[in-house]
Amino acid sequence: MNDFQVVVDAVHKGDIKTAVAETQKALDKGADVQEFLDKALIATMDDVGENFSKGITFVPQMLRSAKTMQECMKLLASSFQEGAVKSKGKVLIGTVKGDLHDIGKNLVAMMLEGAGFIITDLGVDVHPDKFVHKAQEIEPDIIAMSALLSTTMPSMPLTIEALEKAGIRDKVKVIIGGAPVTGKYAKEIKADSYGSDAGASVNLAKSLLGLS
Amino acid sequence: MRLTEIPTFQPRLKVFNRDQVLAVHGAALEILEKTGFKMEHPGALQMLADAGCTVVNDDWVKMPGYLAEQALQTAPKAFALYDQQGNKTMPLVNGNSFYGPGSDTTFTIDLETGQRRRTVLQDTANFAKLVDGLENMSFAMSMSNPEDVPIENIYVYAFAEIVKNTNKPIVFIADSGKDIAKIYEIACFVAGGEEEFQQKPFILNYSEAISPLRFPENVLDRLIFCAQKRIPLCFPSGSNAGGGAPVTLAGAMALGIAENLVGLVVHQLTNKGAPFLFGPNVSILDMKSTVVSYGCPEWSLTQAALADMRDELYGLPIWAFAGASDAKIMDAQAGAESMFSIITSMLSRCNLIHDSGYLEYGGISSLEMLTMNNELVAMSRSFTNGIPINSETLALEAIERVASVPGSMFLTDDHTFENFMQAQFLPKLLDRTRYDGWAESGSTDLYKRCNMETKRILAEHQVDPKLDDVLMAIDKVCKGR
Ligand code: B12
């Protein structure tokens, strides 16, 4: 039994009202913010993510849980700024140049966010230079690229090249995904890893950053 | 006794009543009037503004419903695709259904090894040739995204390869205004000139808007090009329930139709009377796997409903899908899902029906599955043809003969000899042999038999070759001169 069981249950169910009220209560009572974040929110989302992978939970339910968590996180925002708690890491994500498919990319972003990463989403049709400039600005831990078309996949190595030229390739992990993308392709273009679906992307991101 | 002629009822599926049709259409118009859409093509934006649309925030457009109604009036209610030899093989009018494969798959099932592998240009050739040899496949599509051609010209190379390997009509993809101009150039060479092409168009462009409500510049470039040149075009968006569109099918249809109407309006403003194939793609986003399904019943349901909207209201021929599956190999699931969409699309009289032979929700193309579907289409046609009633089919005389002559049987009666070919569906690949015979001939399953039949067709079928100067011109266009 978790100290924050009511919040845990509310996040599971996607009951935003209860979750937010209980979060506020916990904070008012002086709960340790880091502990609350880890045990009440992130651990629950890990659980939800696992249930999703097993086919017990459906996407809309999972996304509702993620939204519930986000609402609770807002109450913790001031602590984030004060540096009292750490996020899992920063992810810069986008669909590559020429490609306008965004549903898969959005799902990956939401899953990562649910797992505790801070997301910057550049949208679709993202030019390699745009990835580079944003990366220089926000210094992400991971750059995630999505491509659904064979014709737009070559934008991925171009972006990696641009990161190299800008001298920041070794400061970030690059992960890629999308229907025509394969693990083999990821190796060829020297990306750090490839994920076949949104669930996989969370494990990928965690293992690349050495998180459990 | 002579009967007066009784028309044969052909079984027909109906999903929407008139009230439902009007409600979905009304919702689509409301989306255009109240929500509006993002038009990123400056020329089209200007056209829409001049025609009476309101433009807010640079490129957000609100469209009065009457513009859609006008476009529905000026678009042709029927048009035809010709084969490359000038025969009118695909008259797209109410009631006619034509099947064919789909476009860009990343992978294919190798005919020799049975393994999933990346597609190459030879696969494009094989699919085109197979279509040419299958009597129930009416048009060709690339079925591949070949890895071994220059990627900036991939759609031109794929198109050229199809032209070289079939004389049937072609549904094609292009990326930009540039490659579609090249494809058109090739088509004109094949037809023997631009005027000849316009008389007997054999190609149809498959372009897509971006759900929800976004119209990129390069997509509109293609639409306007097609309207100007009167190249038939379809313009489905990916308004998949739960993905690009609301999860409820009614809302997903309304959104997809609204997006289609925007395309139709720009198309008809560009060139009144240019041919437009109506219809969105309304499948679902699967809530466990997050794939857009090609085997679900919902897509079949929404396109059957769209066929009712055509009959009640729109009058324009429609675009549809069938013969596809989410299975990863050509197994029982592939057969079940494939047949489900084939029979329902035919029963609802969808017109141009693509994606036959898709596995893995559009990730894999399968030659064997296309061969299987050729037979499933035949099987479905034998069903939708209904039961003709006349003195010959009622066969009262044959009954009289067999009943009155001792020892006689229907099998030996002339009536059977004269009628069995038309009266029965005669399968070629679906196995009805007795057990021992089946075991002796190798205990094959349908996949194996389709594999053998595909190999046979690819080895034996002769495609009428194109003239040398046409081939040379095509190569020139591909290589960019
Ligand atoms: C919906 C759709 C569209 C919609 C997109 C709407 C939108 N807002 O995104 C529309 C209609 C606009 C569209 C357009 C086109 N499309 Co499209 N489209 C699809 C379709 C049916 C589903 C894609 C989808 O949304 N899936 C649902 C999401 C949730 O899944 P997903 O995208 O695969 O993402 C998951 C994983 O791949 C992974 N993932 C994705 N990105 C990333 C990134 C990282 C870092 C990681 C780790 C994981 C990851 O996780 C995601 C979540 O689980 C697919 C076929 C299919 N069934 O997959 C074709 C498909 C992708 N399209 C295709 C094509 C050809 C086109 C067009 C060129 C067609 C045309 N005639 O013009 C245009 C191109 C437009 C452009 N320039 O981008 C082809 C691509 C073939 C190829 N190899 O190139 C496909 C495969 C269909 C086909 N077989 O022909 N399309």
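The values are calculated or read from the model by the stated rules, or taken from the named source; none is laboratory data. These numbers come from a predicted model, not from an experiment. Here the Cβ is made from the backbone with ideal geometry for all residues, glycine too, and neighbour counts use every protein chain on show. When the accessible area is computed, the model is the full protein with side chains, heavy atoms only, and any ligands, DNA or RNA have been set aside. Shrake-Rupley method; radii C 1.70, N 1.55, O 1.52, S 1.80 Å.
Quick notes on this structure:
- Note, ³J(HN,Hα) from phi for the stretch B:143-159, Karplus 6.51, -1.76, 1.60, rounded to Hz, x at Gly and Pro: 6, 6, 10, x, 7, 9, 10, x, 5, 6, 10, 4, 6, 5, 4, 4, 4
- The length gained by stretching the chain between B:Val55 and B:Gln122 to full extension, at 0.36 nm per residue less their Cα-Cα distance, is 19.4 nm.
- Threshold 30 Å² - residues in the stretch B:138-179 whose accessible area is reduced by that much or more when the chain is no longer isolated, probe 1.4 Å: B:Ile151
- Most positive-pole-ward Cα, A:Ala26, B:Ile6, A:Pro154, against dipole of the protein assembly as shown from beta carbon charges: A:Ala26
- Averaging the sequence gap over all C-alpha pairs within less than 8 Å and six or more residues apart, then dividing by the number of residues, gives chain B a relative contact order of 19 percent.
- Extended-chain gain in nm, criterion 0.36 nm per residue less alpha-carbon gap, B:Asp475 and B:Phe417: 15.6 nm
- Those residues of the stretch A:110-150 for which accessible area with every protein chain present is at least 50 Å² below the isolated value (1.4 Å probe): A:Ser150
- Principal-axis tilt of helix B:297-309 within chain B, Cα atoms, nearest 10 degrees: 80 degrees
- Estimated FRET transfer efficiency (A:Lys54, B:Ala332; beta-carbon r; R0 30 Å; 0.05): 0.75
- With 26 Å as the limit on Cα-Cα distance, the pairs of B:Lys164/B:Lys328; B:Lys229/B:Lys466; A:Lys97/B:Lys476; B:Lys88/B:Lys182; A:Lys97/B:Lys288; A:Lys54/A:Lys190 that go past it are B:Lys164/B:Lys328; A:Lys97/B:Lys476; A:Lys97/B:Lys288; A:Lys54/A:Lys190.
- Think of each Lys and Arg Cβ as +1 and each Asp and Glu Cβ as -1; about the Cα centre, that makes the dipole of the protein assembly as shown roughly 480 debye.
- Cα-based helix-to-principal-axis angle, B:65-74 vs chain B, degrees rounded to 10: 50 degrees
- When the accessible areas of A alone and B alone are added and the area of the pair subtracted, with a 1.4 Å probe, the result is around 1400 Å², both sides summed.
- Using a Förster distance of 45 Å, the FRET efficiency for A:Ser196-B:Glu40 (Cβ separation, nearest 0.05): 0.90
- Between 0 and 90°, nearest 10: helix A:128-138 axis offset from chain A longest Cα axis: 40 degrees
- All C-alpha to C-alpha distances of the stretch B:150-196, sorted into 10 Å bins beginning at zero, yield P(r) values of 27, 57, 15, 0 percent in whole numbers.
- Kirkwood estimate for the protein assembly as shown, i.e. one over the average of 1/r between Cα atoms, Å: 27.7 Å
- For chain B, a crude dipole built from +1 on the beta carbon of Lys and Arg and -1 on the beta carbon of Asp and Glu, taken about the Cα centre, is about 440 debye to the nearest 20.
- Note on B:Val405 and B:Ile387: their simple-model spin labels are 2.6 nm apart, each label 7 Å out from Cα toward Cβ.
- Portion, in percent, of the accessible area of chain A that falls on carbon or sulfur, probe 1.4 Å: 51 percent
- Computed over protein heavy atoms with a 1.4 Å probe, the carbon and sulfur contribution to the accessible area of the stretch B:264-308 reaches 57%.
- According to the calculation over all Cα-Cα pairs in chain B, the P(r) per 20 Å bin from zero is 23, 53, 21, 3, 0 %.
- Normalised by the number of residues in the stretch B:16-99, the average gap of Cα pairs under 8 Å and 6 or more apart makes the relative contact order 21 percent.
- Eligible aspartates and glutamates near A:Lys206 by straight Cα distance, threshold 13 Å, same-chain separation 8 or greater: A:Asp46, A:Glu113, A:Asp141, A:Asp192
- Computed on chain A, the Cα convex hull volume stands at 116 Å³ per residue.
- Ranking B:Val405, B:Gly362, B:Met379 by how far each Cα lies toward the positive end of the dipole of the stretch B:305-430 (charges on Cβ) leaves B:Gly362 at the top.
- Antiparallel beta bridges, as assigned by DSSP with both residues in the protein assembly as shown, represent about 30 percent of the total such bridges.
- Among the protein heavy atoms, those of A:His101 account for about 80 Å² of accessible surface (1.4 Å probe, every chain in place).
- Gyration tensor verdict on the stretch A:87-212 (Cα atoms; rounded if a/c is under 1.5, prolate if a/b is larger than b/c, oblate otherwise): rounded
- Ordering B:Ile210, B:Ala473, B:Leu261 by Cα displacement along the dipole of chain B toward the positive end leaves B:Leu261 in first place; charges were set at the Cβ atoms of Lys, Arg (+1) and Asp, Glu (-1).
- For chain A, built as a Gaussian network whose Cα springs stay under 10 Å, the top-fluctuating residue of A:Val48, A:Val172, A:Val33: A:Val33
- When +1 charges are put on Lys and Arg Cβ atoms and -1 charges on Asp and Glu Cβ atoms, the dipole computed for the stretch A:87-212 relative to its Cα centre reaches about 260 debye.
- Counting 0.36 nm for each residue step from A:Glu164 to A:Glu188 and taking away their Cα separation leaves a gain of 7.1 nm.
- Paramagnetic reach from B:Ser176 in the stretch B:216-244 [backbone N under 13 Å; point 7 Å along Cα→Cβ]: B:217-219, B:221-222
- Surface accessible to a 1.4 Å probe, B:Met421 within the full protein complex, Å²: 120 Å²
- Buried on assembly, the stretch B:277-294 (at least 40 Å² less accessible surface than by itself, 1.4 Å probe): B:Met287, B:Lys288, B:Thr290
- Computed accessible area, B:Ile284, all protein chains, 1.4 angstrom probe, square angstrom: 30 Å²
- Backbone geometry of the stretch B:177-190 corresponds, through the Karplus equation with coefficients 6.51, -1.76 and 1.60 at θ = phi - 60°, to 3J(HN,Hα) couplings of x, 6, 6, 5, 5, 5, 5, 5, 4, 4, 4, 5, 4, 5 Hz, x marking Gly and Pro.
- Average accessible surface area per residue within chain B, 1.4 Å rolling probe, Å²: 43 Å²
- Label zone at B:Leu313, where the point sits 7 Å out along the Cα-to-Cβ direction: the stretch B:249-275 residues whose backbone N lies under 16 Å: B:249-265
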